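Visitor: Have a look at this one.
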Amino acid sequence: MSVGLMPAPNPPTFDPLECASRSHEVQRLAWRVQSCVDRVDAVLSSLRKAQVDDWLSPAGRAYRTTIAVHASALMRARESLEASVALVLRHSQNVSVSSERGP
């Protein structure tokens, strides 16, 4: 006896409320990612304040260089997070559109 794929006994039914809920959940994810962008902005602001510009020794220059390297990495991460927010929001719109079309 061979075992094959069998169709589901009851195909999934289209529920517009469930699709709207999914769209809302995806939007909430975008808002949470945006809050991460806001946190990165706060950290970058703190790093700018921690530059210690009046410390002119080689140690001060090394400190500022290290801060600049970390700030640069954070900026790249921030840009990626912003791009993610846009993609997630676009996906939430696609979830809404697909729910209007039906199964």
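Visitor: I'd like the accessible area for residue 87: 1.4 Å probe, protein heavy atoms, all chains in place, Å² to the nearest 10.
Guide: Counting only protein heavy atoms, residue 87 exposes about 100 Å² to solvent.
Visitor: Mind giving me the nanometre distance, one decimal, between the label points for residue 94 and residue 74, set 7 Å out from Cα along Cα→Cβ?
Guide: For the pair residue 94/residue 74, the computed spacing is 3.2 nm.
Visitor: Can you work out ³J(HN,Hα) from phi for every residue in the range 61-75, in order, using Karplus 6.51 cos²θ - 1.76 cosθ + 1.60 and θ = phi - 60°, giving whole Hz and x for Gly and Pro?
Guide: Listing the rounded values in order: 5, 5, 4, 5, 5, 4, 4, 5, 5, 5, 5, 5, 5, 5, 5 Hz.
The values are calculated or read from the model by the stated rules, or taken from the named source; none is laboratory data. Treat the numbers as computed from the prediction; the structure is a model and nothing was measured. Positions of Cβ are generated from backbone atoms using ideal geometry, with glycine treated the same way; all protein chains shown enter the neighbour counts. What goes into the accessible areas is simple: the full protein's heavy atoms, side chains included, and nothing from ligands, DNA or RNA. Shrake-Rupley method; radii C 1.70, N 1.55, O 1.52, S 1.80 Å.
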